[in-house]
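**Q** Below: one structure in structure tokens.
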Amino acid sequence: MTRVTTPRPRIWRTDDWALDDLVAAKASTRVSVVIPARDEQDSVAAVVTGIAGAWCGPGGLVDEIVVIDSDSLDATAERARAAGAKVFSAKDIRPESGPAEGKGEALWKAAQVARGDLLVFVDADLVEWGAHFVPGLVGPLLTDPGVHLVKAVYDRPMLGADGHEAEPGGRVTELVARPLLALHWPDLAHIVQPLAGEWAIRRRTFAGLSVPMGYGVEIAALIDVAEGFGAHSIAQVDLGRRTHRNRRHDTLGPMALQVLAAAEVRLGSREVAREPARVELRQFDLVAGGFVPRSRFPVVGERPPIEPGAASRAPSVLAGSEQPRDVPRSGVAALVRADAGKDATLAPVNRVASAARSEGAGTRLRLGRHTYDADARLVMAIVNRTPDSFYDKGLTWATDAAKDRVVQVVEQGADIVDIGGIKAAPGHEIDATEEKRRVVDFVAWVRGEFPDLVISVDTWRSEVARAVCAVGADLINDAWGGYDPLLPEVAAEFGSALVCTHTGGVTPRTRPFRIEYDDVVADIVESLLTQANRAVTMGVDVERIIIDPAHDFGKNTWHSLAATRQLDRLVATGWPVLVSLSNKDFVGETLNKPVGERLIGTLATTAISGWLGAQIYRVHEVPETRQVLNMVSTIAGQRLPSITTRGLQ
């Protein structure tokens, strides 16, 4: 047997973050610590008080401690409640789902009563541990939006019946979990302790997972998050030392069986059971007369996603050429589809949810200093530096008026400002020198006033793009479909993001005349993939490329309606999708409304685009758009309601 030394995995430490920085990063994010417990009266109170004393209260990291009591026969519930936890009986949560026992069942039910945006799972049988577990587990989630799951790493001796250290922990890990990952999910082989009981996850991510009822919950979450968001979305944190009570060797068989069952579901070799299905496991006791069989019946069912679709934001990281075998993979996407199939018309189409995904597409979006998850919906506010815009007729042509507009939209919640120096429609010729005069100094002013704001500039000229990027622009919004082939070169040079658009090959600032397509959406997809892949080959960061179907540009109203109706085909490519719908002619013609009366039609189109997975919305009306997108995100299970007091008062 050959042993090869491999590079050490990247593992965070709790002292990688200052407490003040974590509290600042937490802001309005809610954190729930969840403790599943069954007959743990001797340890649960110490765990609750240790966390509450260190992290609860005003300005603390923890908003609530939730204990899920799974039919304890001792005083677990009473002692946890006296220590300050919110205690729920597992059988009282979703009783219509039927009885089942197991750790996964407790966590699935906990996610339905906990109020946190981040869920921190901590075992109740801890003996030697520290309150630093909590900031260690939430640190990556609070400071890196690309992290969805955090696994604990620790020195974990076990205590024998006499209270002294027994053999090192991790027997099921070494005999079952680690070999499974090596054989079938080698991209997860760097996970030090895949079955660690202490882990943290974004609630919206957990809500989209199929959850094994028993001990398979940890490996299932690990695999499903990796397949849904990429292995890079899983962080590890060294928490030092953790001891827990030893388990008898004959209890390891049922635990191992549940881990194997969860893996088989994700390999596609076992049908997922939504009822608490059981498997007979025969073990043998040695008695005076020989070996006597004894049967256990561990549960191998899985609970359905709380919010189907919430976890399928990214493709399998083992798709295509990286897949190590030909076995059909079930994984999170298939499990979600199985549950969504009963009401498929209501299932939102999520970014990169299809095999048609472009091979080069990234799984996150980076703009300026910011990194966004695939389910983020961003508002791009239009700021025209023109005297003849079709919508505002030069309202922000004056410099002071344009500055006031920027201040206003930032206060209204815009994520991006898009500054343009030439109207899209035909008109007076504006050369590059005049375009730069209109936008370069203004971009420099915006950058000075708003250092963190994402600044986009609407231009199809590489000369103008280079000038604005030099003074701080983060995004080049090429509205004319790569008419200037050097634009990607500029984006690569400055590390800027780039919008690729479909215009049907028309010349900038011209209107389409009797333009025809055999399949307009197929043409859009083909054109945008070509542009995006070309940008990658020219050095543009894969996580800084956006695609835009460009409603009205090189299209009639029928074409733009088709692009909206089939927007999921663009989303499925994997590239983040921008839509510029605001007050467009296709809205006006559809409703027979002039420019000033198209807001309702625009917002309706925005809601449809949001449901289908568009990520950036270029708009004139910021607060109205933000409300629509917040509502869409909440319905889709990606955002919590602002308040939920109805029926509680």
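The values are calculated or read from the model by the stated rules, or taken from the named source; none is laboratory data. All values reported here derive from a predicted model rather than from experimental measurement. When we count neighbours, we look across all protein chains shown, and the Cβ atoms used for this are built from the backbone with ideal geometry, even at glycine. For the accessible areas, the whole protein counts, side chains as well, though only heavy atoms, and no ligand, DNA or RNA atoms are used. Shrake-Rupley method; radii C 1.70, N 1.55, O 1.52, S 1.80 Å.
**Q** State whether the residues of the range 514-526 include one that is assigned to a loop (DSSP other than H, G, I, E, B), among the aliphatic types (A, V, I, L, M) and out of contact with any strand residue (DSSP E or B) (no Cβ under 8 Å at 6 or more places or on another chain).
**A** Within the range 514-526, one or more residues are assigned to a loop (DSSP other than H, G, I, E, B), among the aliphatic types (A, V, I, L, M) and out of contact with any strand residue (DSSP E or B) (no Cβ under 8 Å at 6 or more places or on another chain).
**Q** Tell me, yes or no, whether the range 599-614 has at least one residue that is within 27 Å of the chain's Cα centre (by Cα), in a loop (DSSP other than H, G, I, E, B) and in contact (Cβ under 8 Å) with a residue 60 or more places away in the chain.
**A** Within the range 599-614 (the criterion being within 27 Å of the chain's Cα centre (by Cα), in a loop (DSSP other than H, G, I, E, B) and in contact (Cβ under 8 Å) with a residue 60 or more places away in the chain), the answer is yes, since at least one residue qualifies.
**Q** Just give me the residues in the range 470-483 being under 19 Å from E543 (Cα atoms), open to solvent by 10 Å² or more (accessible area, probe 1.4 Å) and not small (G, A, S), in sequence order.
**A** Selection gives D474 alone.
**Q** If the requirement is being touching a Lys or Arg at 6+ places or on another chain (Cβ under 7 Å), among the charged types (D, E, K, R) and within 30 Å of N630 (Cβ to Cβ), which of these qualifies: D404, D418, D388?
**A** Residue meeting the stated conditions: D418.
**Q** Go through (1) at pLDDT below 90; (2) outside any strand (DSSP E or B); (3) out of contact with any Lys or Arg (no Cβ under 7 Å at 6 or more places or on another chain) one by one and return the number of the condition P254 breaks.
**A** Unmet for P254, out of (1) at pLDDT below 90; (2) outside any strand (DSSP E or B); (3) out of contact with any Lys or Arg (no Cβ under 7 Å at 6 or more places or on another chain): (3).
**Q** Can you report the number of residues in the range 227-251 which are in a helix (DSSP H, G or I), modelled with pLDDT under 85 and crowded, with 16+ Cβ neighbours inside 10 Å?
**A** 0
**Q** Next up: Restricting attention to the range 445-462, report how many residues are surrounded by fewer than 17 Cβ atoms within 10 Å (Cβ to Cβ) and either touching a residue at least 60 places away in the same chain (Cβ under 8 Å) or assigned to a helix (DSSP H, G or I) (or both).
**A** Here the count works out to 4.
**Q** Please go through the range 477-501 and pick out each residue that is within 15 Å of A550 (Cα to Cα) and touching a helix residue (DSSP H, G or I) at 6+ places or on another chain (Cβ under 9 Å).
**A** D478, G481, G482, L498, C500, T501
**Q** Among the residues of the range 30-40, is any closer than 25 Å to G139 by Cβ and in contact with a Pro (Cβ under 7 Å, 6 or more places away or on another chain)?
**A** No, that holds for no residue.
**Q** Give the residues of the range 73-112 that are touching a residue at least 60 places away in the same chain (Cβ under 8 Å), open to solvent by less than 40 Å² (accessible area, probe 1.4 Å) and farther than 19 Å from E218 by Cα, sorted by residue number.
**A** Passing the criteria: S97, G98.
**Q** Then there's this: Of the conditions (1) part of a helix (DSSP H, G or I); (2) at pLDDT 95 or above, T634 clears all except one; give me its number.
**A** Going through the list (1) part of a helix (DSSP H, G or I); (2) at pLDDT 95 or above, T634 breaks only (2).
**Q** Another question, then. Return a yes/no flag: does the range 418-428 have any residue that is within 30 Å of H148 (Cβ to Cβ), among the charged types (D, E, K, R) and buried (at least 16 other Cβ atoms within 10 Å of the Cβ).
**A** Looking through the range 418-428, at least one residue is within 30 Å of H148 (Cβ to Cβ), among the charged types (D, E, K, R) and buried (at least 16 other Cβ atoms within 10 Å of the Cβ).
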